[in-house]
2 protein chains.
Amino acid sequence: MTRVGEEVVSRGVNSDTPLYQATKTRLLESLSGGVYRPGDALPAEKDLAARYGISIGTLRKAVDELVDEGILIRQQGRGTFVASHDRERLLYYFFHIVAHEGGKTYPRVELHSFTRGRASSEESAKLHLAPDAPVIRLRNLLTLGEAPVMVDDITLSSARFPKLGEAGIRGRASTLYQLYQAGFGLTIVRTSERLRAVAAPADVATLLRLPRAAPTLMIRRVALGYHDDPIEWRVSHADTTAHEYFSELGS
Amino acid sequence: MTRVGEEVVSRGVNSDTPLYQATKTRLLESLSGGVYRPGDALPAEKDLAARYGISIGTLRKAVDELVDEGILIRQQGRGTFVASHDRERLLYYFFHIVAHEGGKTYPRVELHSFTRGRASSEESAKLHLAPDAPVIRLRNLLTLGEAPVMVDDITLSSARFPKLGEAGIRGRASTLYQLYQAGFGLTIVRTSERLRAVAAPADVATLLRLPRAAPTLMIRRVALGYHDDPIEWRVSHADTTAHEYFSELGS
DNA sequence: AAGTGGTCTAGACCACCAT
DNA sequence: TGGTGGTCTAGACCACTTA
């Protein structure tokens, strides 16, 4: 009934990469380029399919993968939306500290210090920066319930966060990731973490009200954007006497 | 060209759950029931679709999800296979300890002790057992390179592992998960882990050749089967001076 | 060459949401 | 009521593996 041969030929340039993957790339470029912004609704699937000149099934396969990756969000009857860093989403995807045997709660975050400097070799490696590139360093103290639970040491490239000052952070009622997104157009999509158990450094122990050299969970995290570009480097120390790190993996 | 209405009616019983989900359940039941065993090839997709009386697209959607969950494995041109606990797969999905900044290596595992007893309240909770149910406890010592790196304390329900004795474990050249699968028809599909930093218990410190009360990474893990049924409870203590826990999340 | 999964199409109908 | 995503179909052709 159909002459698929003609269609396939008319598909055009990309001969080796599948159409749905090319479509995914186009969507990703529209996202990182700001054509569709966090919170926006995408055009309806049939419109998008028509615009790209592909069938709705192929369009859906591309969107499916972006939904799986947490980049788009489908809502039946309403539309498809660009994921934004609202608190719930952040808590769900990027915050892994929970009370023992308990559920997730949103932490209180307090900016403890803000400094500028030049990248260490580790920082430049993690953030793909030139040696000695200028960086911004923040230290946050996180509280769950009453007690301080975690100290975050965060490094950002000054080049990617122009004009970011201490006031800009302290003034906000939002989270850091919301600030990256709203203020600099940078959306965190994925993180990669490595964990160790270490004796608390003296300054961390003080902030967490722990005995000197108490065991703490050290979390070293790179946060990545749409194109797996590193946006933030973070070293955290958590007190795990009343909380723990949650990991649901292996599927 | 088609009368979809008739088809939909002829779909039969399950009116609220989508066909592809019902199909997924049927496949899962065939897997846990041993109709298709680990390593086996499934029937070709068009044959399966015909057998279930559904279109190939719907069958593929069900299989897609099982592939995403690591339960089935597709190989173009060859077939679709039931995932088995070969070393590579275990390493990739279930073993999260890597050398600092390094890649994964397979550990040497040594059975250190084998005992029987009755479930603690925690063990019975984690394994969904009655209080004081009979359990088997193993302690393994894991070595990466030359140095001991991790101590695993494993608890199994005696009821689910009948006739499992020390010789049955020590004699094997395989991994524990391969033993669960080949010997008892139990396949691990997913794990859920919670991590803390704790001072090494005395016996663990000795085995890991660490100073008393050195910080260790404590990993508490439930391993689950096809129907999210708990199969194994494991508490590990890792020395993270030269290794770390790897977690790729947030997508 | 035969068999398998992988891609893609064109379109029908269902379920849900807003108005 | 009209629009959105969600499900499902029937079938063509492509890419890959094996013999």
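No value in this document is a laboratory result; all are computed from the given coordinates. Predicted model, so just to flag it, every value in this text is computed and none were measured. Positions of Cβ are generated from backbone atoms using ideal geometry, with glycine treated the same way; all protein chains shown enter the neighbour counts.
Quick notes
- Given chain B, longest segment not containing exposed loop trypsin sites (Lys or Arg not before Pro) (DSSP; at most 15 other Cβ within 10 Å): B:12-77
- Excluding exposed DSSP-loop GluC sites (Glu not before Pro) (at most 14 other C-beta within 10 Å), longest clean stretch of chain B: B:147-251
- Here the simple spin-label model places points 7 Å from the Cα toward Cβ, and for B:Ser55 and B:Lys163 these points are separated by 4.9 nm.
- Relative to the other identical copies, B:Ala167 shows label-point distances of 8.0 nm, where the label point lies 7 Å from Cα along the Cβ direction and values run shortest first.
- For the pair B:Arg118 and B:Ala173 in one chain, pulling the backbone fully straight at 0.36 nm per residue adds 17.0 nm over the alpha carbon distance.
- Ascending list, in nanometres, of distances separating the A:Arg37 label from those of the other copies (7 Å, Cα toward Cβ): 6.0
- Cα point-scatterer Debye curve for region A:64-173, base-10 log of I(q)/I(0) at q = 0.11, 0.13, 0.21 Å⁻¹: -0.53, -0.72, -1.16
- Net charge dipole, chain B: roughly 440 debye, given to the nearest 20, about the Cα centre with Cβ charges of +1 for Lys and Arg and -1 for Asp and Glu.
- Modelled spin-label separation between B:Arg26 and B:Glu45, with each label point placed 7 Å from Cα along the Cα-to-Cβ direction: 1.7 nm.
- Most mobile listed residue (A:Asp203, A:Asp40, A:Asp86) in chain A, GNM with C-alpha springs under 10 Å: A:Asp203
- Inter-part distance where region A:155-188 and region B:140-180 are each reduced to a Cα centre, Å: 48 Å
- Once the Cα-Cα distance is subtracted from the 0.36 nm per residue extended length, the B:Arg78 to B:Phe184 segment shows a gain of 35.3 nm.
- Placing a label point 7 Å from Cα along the Cα-to-Cβ direction at A:Ala130 gives distances to the equivalent points in the other copies of 7.2 nm, listed shortest first.
- Translational diffusion coefficient of region B:129-246 (Stokes-Einstein, Kirkwood radius from Cα pairs, 37 °C, 0.692 mPa s): 213 µm²/s.
- Dipole in debye (nearest 20) - the protein assembly as shown, about Cα centre, beta carbon charges: Lys, Arg +1; Asp, Glu -1: 100 debye
- FRET efficiency, 1/(1 + (r/R0)^6) with R0 22 Å, evaluated for B:Arg137 and B:Glu88 via beta carbons: 0.20
- Counting only residues at least eight positions apart within a chain, or on another chain, the lysines with an alpha carbon under 23 Å from that of B:Lys163 are B:Lys126.
- Only Cα sites of region B:19-109 enter the Debye sum here, all with the same form factor; the resulting log10 I(q)/I(0) across q = 0.10, 0.16, 0.19, 0.20 1/Å is -0.33, -0.69, -0.87, -0.93, listed in q order.
- Over 18 Å [Cα-Cα, region B:1-153], rounded percent: 72 percent
- Look at the dipole of the protein assembly as shown built from charges on Cβ: of B:Ala197, A:Ala167, A:Leu138, the Cα furthest out on the positive end belongs to B:Ala197.
- Value at 222 nm in deg cm²/dmol, rounded to 500, when DSSP H runs of n ≥ 4 in chain B each add -39,500 (n - 2.57): -8500 deg cm²/dmol
- What separates the Cα centres of region A:71-119 and region B:28-69 is a distance of 36 Å.
- As a ratio to 2.2 N^0.38 Å, the alpha-carbon radius of gyration for the protein assembly as shown is 1.09.
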